[in-house]
Amino acid sequence: MEVKRDILWRVYLSFLGIAAVSTVILARAFYIQRVQGTYWRSMSDSLHQRIEPLEAERGTIYSEDGQMLSTSIPTFDIYMDTEADGLREKNGKRFKENVDSFSIAMANYFGDKSSREYSRDFQQAYRKKDRYYPLEKKLSFEDYKTFRDFPLARLGRNKSGVIVEVNSKRLTPFQLLANRTVGLSRDYVASSGKVKKMNVGLEKSYDSFLTGQSGQRLVRFIAGGVAVPVEGYKIEPENGKDVVTT
């Protein structure tokens, strides 16, 4: 009986040990999934990188007397990396010293929010450590030049965390006049879901000259699937050639 009782005691003890270890493992798995899930998913996203094409600026079509018939103008999308070293060093001193004046400048120029709302949103993004916080999109070159002189933005990318993405928009000064001859160059969504270009008229005939050579850049994907350019890993595109009609 003593031997049997001793064996049963050891079996019960082993069972309790296995149950305790299993409980710890399940609790840890629950903690990682529910509490730390967002952090680890963002870490996973940050490890995904890929090469993306950079579209070259399309050449301009001129008339024989030098008038522009079709040209590309740049537009600017502005973001902020609130995790930039320049904003985080010395316990965020640079951010704290400039956020109010930056908010006032944004509110005075763009007028879509009050300076208090801008400041609140910036500080919230800073607390969340947002790597790609959108500031303004589709700015004209004149607006972008003004923005570059704002407090914080004028300190440069490393100190301000400001990220600038340049896009281009095709402009025809004569609008619908002679559109069939000069042509159009615009994007459309194909049945495959990919964005492609549709060209007609001179835009189509001289497309190989106007298009230029695409560049490349390395992007890193962060939480939410947002692609952030990796600084220093970029091949600049070669802009397209101009065409003069006769």
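The values are calculated or read from the model by the stated rules, or taken from the named source; none is laboratory data. As the structure is a computational prediction, the values presented were derived from the model and not from experiment. Note: ideal-geometry Cβ built from the backbone for every residue, glycine included; neighbour counts use all protein chains shown.
Selection of first residues in the stretch 55-70 that are assigned to a strand (DSSP E or B) and of second residues that are crowded, with 20+ Cβ neighbours inside 10 Å and charged (D, E, K, R), restricted to Cβ pairs under 7 Å at least 6 apart or on distinct chains, gives the following pairs, ordered by first then second residue: Ser70/Glu203. Take Lys196 and tell me if it is loosely packed, with under 13 Cβ neighbours inside 10 Å and at pLDDT 90 or above. When the stated conditions are applied, Lys196 does not pass them. Kindly establish whether Lys138 is at pLDDT 85 or above, under 26 Å from Ser214 (Cα atoms) and not in a helix (DSSP H, G or I). It is true that Lys138 is at pLDDT 85 or above, under 26 Å from Ser214 (Cα atoms) and not in a helix (DSSP H, G or I). Here is the figure for the stretch 120-170: residues that are loosely packed, with under 13 Cβ neighbours inside 10 Å and of a type in the set (A, V, I, L, M, F, W, C) total 1.
Going through Asp85, Asp65, Asp112 one at a time, which residue ends up being surrounded by fewer than 16 Cβ atoms within 10 Å (Cβ to Cβ), at pLDDT below 90 and under 19 Å from Gly156 (Cβ atoms)? Don't jump to the end; show me each part of the working.
Details: Asp65 fails: under 19 Å from Gly156 (Cβ atoms); Asp112 fails: under 19 Å from Gly156 (Cβ atoms).
Sole residue among the options that is surrounded by fewer than 16 Cβ atoms within 10 Å (Cβ to Cβ), at pLDDT below 90 and under 19 Å from Gly156 (Cβ atoms): Asp85.
With respect to Arg154, is the statement that it is free of Cβ contacts under 8 Å to residues at least 40 places away in the same chain, on the phi < 0 side of the Ramachandran plot and not polar (S, T, N, Q) true? In short, yes.
Is at least one residue of the stretch 145-161 of a type in the set (Lys, Arg) and more than 24 Å from Glu231 (Cα to Cα)? No.
Residue by residue, here is whether (1) surrounded by 12 or more Cβ atoms within 10 Å (Cβ to Cβ); (2) at pLDDT 85 or above; (3) of a type outside the set (Ser, Thr, Tyr); (4) at negative phi holds:
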{"position": "Ala20", "(1), (2), (3), (4)": "no, no, yes, yes"}
{"position": "Arg28", "(1), (2), (3), (4)": "no, no, yes, yes"}
{"position": "Gln33", "(1), (2), (3), (4)": "no, no, yes, yes"}
{"position": "Tyr39", "(1), (2), (3), (4)": "no, no, no, yes"}
{"position": "Met43", "(1), (2), (3), (4)": "yes, no, yes, yes"}
{"position": "Gly59", "(1), (2), (3), (4)": "yes, yes, yes, yes"}
{"position": "Asp77", "(1), (2), (3), (4)": "yes, yes, yes, yes"}
